[in-house]
1. Out of (1) surrounded by fewer than 19 Cβ atoms within 10 Å (Cβ to Cβ); (2) touching a Ser or Thr at 6+ places or on another chain (Cβ under 7 Å); (3) farther than 21 Å from Pro328 by Cα, what's the single condition that is false for Thr138?
2. Looking at Ala456, Ala475, Ala433, Ala446, which is the one that is touching a Gly at 6+ places or on another chain (Cβ under 7 Å), under 30 Å from Ala317 (Cα atoms), hydrophobic (A, V, I, L, M, F, W, C) and buried (at least 16 other Cβ atoms within 10 Å of the Cβ)?
3. Among the candidates Thr272, Thr249, which residue alone is over 12 Å from the mean Cα position of the chain (by Cα), more than 18 Å from Ala40 (Cβ to Cβ), among the polar types (S, T, N, Q) and assigned to a loop (DSSP other than H, G, I, E, B)?
4. Hey, does the range 176-196 have a residue that's in contact (Cβ under 8 Å) with a residue 40 or more places away in the chain, of a type in the set (Asp, Glu) and touching a helix residue (DSSP H, G or I) at 6+ places or on another chain (Cβ under 8 Å)?
5. Has the range 349-372 got any residue that is of a type in the set (Lys, Arg), closer than 30 Å to Gln431 by Cβ and surrounded by 15 or more Cβ atoms within 10 Å (Cβ to Cβ)?
6. Before we move on, is Ser422 more than 15 Å from Thr389 (Cα to Cα), of a type in the set (S, T, N, Q) and without any contact (Cβ under 8 Å) to a residue 24 or more places away in the chain?
7. So, in the range 356-374, exactly how many residues are in contact with a Gly (Cβ under 6 Å, 6 or more places away or on another chain) and either part of a strand (DSSP E or B) or not hydrophobic (A, V, I, L, M, F, W, C) (or both)?
Amino acid sequence: MSASISIPGYPDSNRVPGTYFTPLPQGQVGQQNQRALIIAPMLSGGTATAGVPTISAGYSDAQGKYGAASIAAQMVADYLLQDSFGELWVLPIAQPTGSAGTGTLALAGTATASGTLSLYIAGKLVSVAVTAGDAAATVATNVAAAVNALAGFPTTAAVTTSTVTFTAVDKTVAGADIDIRLNYGGTVAGQATPAGITPTITAFSGGVTNPDITAALANLGTKTFDWIISAFNDATSRASILSVLQDQTGRWSWEEQLYGHAFYALRGNLSTLTTFGSTNNDQHQTTMGVYDTPWPMYRVAADYAAASAVSLRSDPAMPLQTLALNMPAPPISSRFTIGEQNSLLYDGISTFVVNDAGQVTIGRLITGYLTNAAGAPDISYLDVETIFTLVYLMRDMRAFLQTIYGRKKLVADGSIIAAGSSAVTSKLILQSAIARYQTYCTNGLAQNYATFASTALAQNAGGGLVKLSLPFNLANQLRILAALALFTKS
């Protein structure tokens, strides 16, 4: 049987002399474009349209679009400090109506020595000069003036006698997540409350309920977002995001194949975090558990998600531990012990560690997946690296096969196919998939090529449908080195 070469678009009836070339790609799949999305509230002065996703063109652009003091702009700034190259989008959410959260700093006494009041609000340092002889009311007035003079600051300040009341610019519950503390830098930084002044801090509280983000999420359309970073970590907002990401009808379904993973941060002690983690069983979300850091949780979420994005985009199978974060470390007494971190990791909460230099690094990023549908403990989706490696392989294999076989005739297995023909069998498709899997193993994304090659299956199910069973064996991450130190003494 002579070969029948099919050249797309070329008519065999052509009689005009010449040499004619038709380019045809042979499965060289391009780089995957992986975007990040920040879901956060904007302020009324922003120019963006609430509920409509927009691409970010940097921090100054975010200040104009979402408001200089907005949570959205702050999260953009924190994200870009870690990932200045990746494509970043923002889904801005309108402010709710109601009252914003407040916190206070009450001052008493009279300064007996000059110095500086080192006040930290949401992790931002406000330095206020104090002169010997200043009464508490004078210091309070100066504190309020210093805060109100700062552009893009998350609070405003007002004075009543010698008490400063700080009011969040953002009215959401996320906006009220503001830490107030003095002298975070400690004596090492030369920070101490001036003698004679006695401060009393009342933590922030209030803030109306977070807005409903369901309608805004529907505006994401079919654009892919691999890192979905939410300022809202309440149960209702989480449920809305997980509904978008679910396996049956959401972004992880066979219909959409858009994928994506949600990133949050939650403030709490060990009991609060383990209780929360044990009741949020889902592989499409990651929660960093944090206790006693000056930063709001929305800043923590943007920080660690961006750090992970840089690594995962480069190599999704590379472990994320030890990646440096910008989040300020909790005081030594507030840091989780190794035993407490282990408990968190069994309850769906991701961890961080603080190195000897005082820098916060990622400990282990896990998903919230704890048990399978039968209620049995399951580690299938334990690590974030697993999720992103799986996404990479599925996308690449899909693009690879679609590029080669997007327009072919399907014939029964065992059929004799002439070279250059546009016909294909399910077995030929399977061999292409097996060959592609070998490149994954070579690149360190997967392993056990021989097992894959011998157990992968293809079925011509009729009606133009080919079903494939592809047993991906993902590369693992080196997490722990446990060594026995044998010694003698002579």
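The values are calculated or read from the model by the stated rules, or taken from the named source; none is laboratory data. As the structure is a computational prediction, the values presented were derived from the model and not from experiment. Reconstructed Cβ throughout: ideal geometry from the backbone, glycine too, with neighbour counts over all protein chains shown.
1. (2)
2. Numbers: Ala456 fails: touching a Gly at 6+ places or on another chain (Cβ under 7 Å); Ala433 fails: touching a Gly at 6+ places or on another chain (Cβ under 7 Å); Ala446 fails: touching a Gly at 6+ places or on another chain (Cβ under 7 Å).
Criteria check complete, one pass: Ala475.
3. Numbers: Thr272 fails: assigned to a loop (DSSP other than H, G, I, E, B).
Just a single option satisfies the conditions, and that option is Thr249.
4. There is at least one residue in the range 176-196 that is in contact (Cβ under 8 Å) with a residue 40 or more places away in the chain, of a type in the set (Asp, Glu) and touching a helix residue (DSSP H, G or I) at 6+ places or on another chain (Cβ under 8 Å).
5. Looking for residues that are of a type in the set (Lys, Arg), closer than 30 Å to Gln431 by Cβ and surrounded by 15 or more Cβ atoms within 10 Å (Cβ to Cβ), one finds none in the range 349-372, hence no.
6. Considered against the rule, which asks whether it is more than 15 Å from Thr389 (Cα to Cα), of a type in the set (S, T, N, Q) and without any contact (Cβ under 8 Å) to a residue 24 or more places away in the chain, Ser422 comes out as no.
7. Residues meeting the conditions: 1.
Residues checked against (1) among the β-branched types (Val, Ile, Thr); (2) crowded, with 24+ Cβ neighbours inside 10 Å; (3) part of a loop (DSSP other than H, G, I, E, B); (4) under 19 Å from the mean Cα position of the chain (by Cα):
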position: Tyr298; (1), (2), (3), (4): no, yes, no, yes
position: Arg313; (1), (2), (3), (4): no, no, no, yes
position: Thr322; (1), (2), (3), (4): yes, no, yes, yes
position: Ser343; (1), (2), (3), (4): no, no, no, no
